[in-house]
1. Take the residues in region 228-243 that are polar (S, T, N, Q) and not in a loop (DSSP other than H, G, I, E, B); name whichever of them is modelled with the highest pLDDT.
2. Can you give me the ranges of the strands (runs of 3 or more DSSP E) entirely in region 19-82 with at least 3 residues that are aliphatic (A, V, I, L, M) and surrounded by 14 or more Cβ atoms within 10 Å (Cβ to Cβ)?
3. Among the residues of region 286-293, is any at negative phi and either at pLDDT 95 or above or not in a strand (DSSP E or B) (or both)?
4. When the residues of region 249-264 are filtered to those that are among the basic types (Lys, Arg) and surrounded by fewer than 19 Cβ atoms within 10 Å (Cβ to Cβ), which remaining residue is farthest from the chain's Cα centre (by Cα)?
5. Whether any residue in region 173-191 is surrounded by 21 or more Cβ atoms within 10 Å (Cβ to Cβ), out of contact with any strand residue (DSSP E or B) (no Cβ under 8 Å at 6 or more places or on another chain) and not charged (D, E, K, R) is what I want to check.
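The values are calculated or read from the model by the stated rules, or taken from the named source; none is laboratory data. Not measured: the values here are computed from a predicted model. Here the Cβ positions follow ideal geometry from the backbone for every residue, glycine too, while neighbour counts run over all protein chains shown.
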Amino acid sequence: MRIIYMGTPEFAVEPLRTLLDNGEEVVAVVTNPDKPIGRHQDTLQASPVKQFALERGIPVLQPERLKDENFLAELRSYEADLQVVVAFRMLPEAVWDMPRMGTFNLHTALLPDYRGAAPMNWAIINGETETGVTTFFLDHDIDTGRIIMQERTPIAPDDNVGDIHDRLMTIGAALVLKTVRAIADGTAQSIPQDQFLRDAEGEPVNPATLHHAPKIFKETCRIDWTKTAQEVHNFVRGLSPYPGAWTTLVMPDGKRTDLKVYRTHLEKEAAGLPSPSDSAALALEEGTFRVLTRQGVLVIDELQLAGKRRMAAADFLRGARFCEGAHIE
């Protein structure tokens with residue numbers, strides 16, 4: 001079976017590697033154009049998928065526009081039976097409807113829950129204890145096609161999005177291979193997503209209760225200190241190590257600086273600590289960076305000041321008397 005593979009970031013390399021190492025025939029790879037980097041944007045960097053494909057001697061297509069007639073003609077020339085998409089752009093119908101066996105996508109969530117661009121982040125931010133990967137056939141609406149297969153995995157209390165990324169990359173690679181082989185031998189069964197709208201007891205689930213996973217921007221990453229300590233802890237985990245949750249540290253003299261937060265933990269004993277008069281207050285003592293929220297105490301373990309290196313909070317506080325009387329926003 002002739003396969004066209006589409007993907008761009010590091011996450012998409014492992015499924016491609018797995019297909020090739022298991023003897024599948026990938027006839028071409030489609031990835032994003034090389035990206036300008038450097039201070040003057042005068043150096044082009046190939047995507048991880050392109051770099052890997054070239055190492056394996058696979059032809060690479062890098063269209064600027066997926067509806068370009070020259071690209072469509074070139075894609076058609078490979079006479080692929082199936083297209084596999086992992087972490088790529090939204091495809092027009094002219095592309096996903098081209099192969100005779102269709103086009104399927106690997107999504108890093110248990111569809112129909114967490115449709116969108118950042119499902120791994122939002123699952124952790126929302127305090128989920130389980131996630132997974134789904135393969136599904138593409139159709140007209142994003143992330144709504146018929147589900148082929150799913151694989152589940154737990155989210156541990158202190159897992160961050162980096163942990164889940166690496167775990168789902170491995171699980172997803174195996175599921176892509178399993179899906180390709182089921183499609184090839186005719187045993188794959190695809191099921192409409194509305195049939196998945198049932199709870200553990202088989203009762204219907206209201207579609208309105210499903211979570212969305214929209215793209216994350218800088219302002220999305222700002223910590224809301226009106227939340228509980230547990231909610232902020234989940235928020236930090238869901239954005240660590242990238243792009244990173246952030247807050248603003250305000251010095252007693254009014255000077256403000258942004259502060260990224262990479263690792264936190266909940267303090268079980270809050271006895272003797274004052275309740276904050278506002279949404280949150282700082283208690284900086286004995287090298288411990290505590291944030292007193294309206295419900296619970298959060299300890300910041302690892303952080304990064306704007307323009308500085310990432311460091312342990314204890315190192316940051318060592319000798320940092322300028323922080324006395326500071327607050328966060």
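1. Start the filter on region 228-243 by keeping residues that are polar (S, T, N, Q), which leaves 228, 230, 234, 240.
Adding the requirement that they be not in a loop (DSSP other than H, G, I, E, B) leaves 230, 234.
On the way: 230: 95, 234: 98.
Of everything passing the filter in region 228-243, 234 is modelled with the highest pLDDT.
2. 25-30
3. Quick first cut of region 286-293, residues at negative phi only: 288-293.
In the following step, the residues that additionally are either at pLDDT 95 or above or not in a strand (DSSP E or B) (or both) were identified as none.
There is no residue in region 286-293 that is at negative phi and either at pLDDT 95 or above or not in a strand (DSSP E or B) (or both).
4. For region 249-264, the residue satisfying everything is 255.
5. So far as region 173-191 goes, yes, one or more of its residues are surrounded by 21 or more Cβ atoms within 10 Å (Cβ to Cβ), out of contact with any strand residue (DSSP E or B) (no Cβ under 8 Å at 6 or more places or on another chain) and not charged (D, E, K, R).
Residue-by-condition table, conditions (1) more than 16 Å from residue 165 (Cβ to Cβ); (2) of a type in the set (Val, Ile, Thr); (3) at pLDDT 95 or above; (4) touching a Leu at 6+ places or on another chain (Cβ under 6 Å):
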site: 59; (1), (2), (3), (4): yes, no, yes, no
site: 69; (1), (2), (3), (4): yes, no, yes, no
site: 76; (1), (2), (3), (4): yes, no, yes, no
site: 81; (1), (2), (3), (4): yes, no, yes, no
site: 84; (1), (2), (3), (4): yes, yes, yes, no
site: 87; (1), (2), (3), (4): no, no, yes, no
site: 131; (1), (2), (3), (4): no, yes, yes, no
site: 135; (1), (2), (3), (4): yes, yes, yes, yes
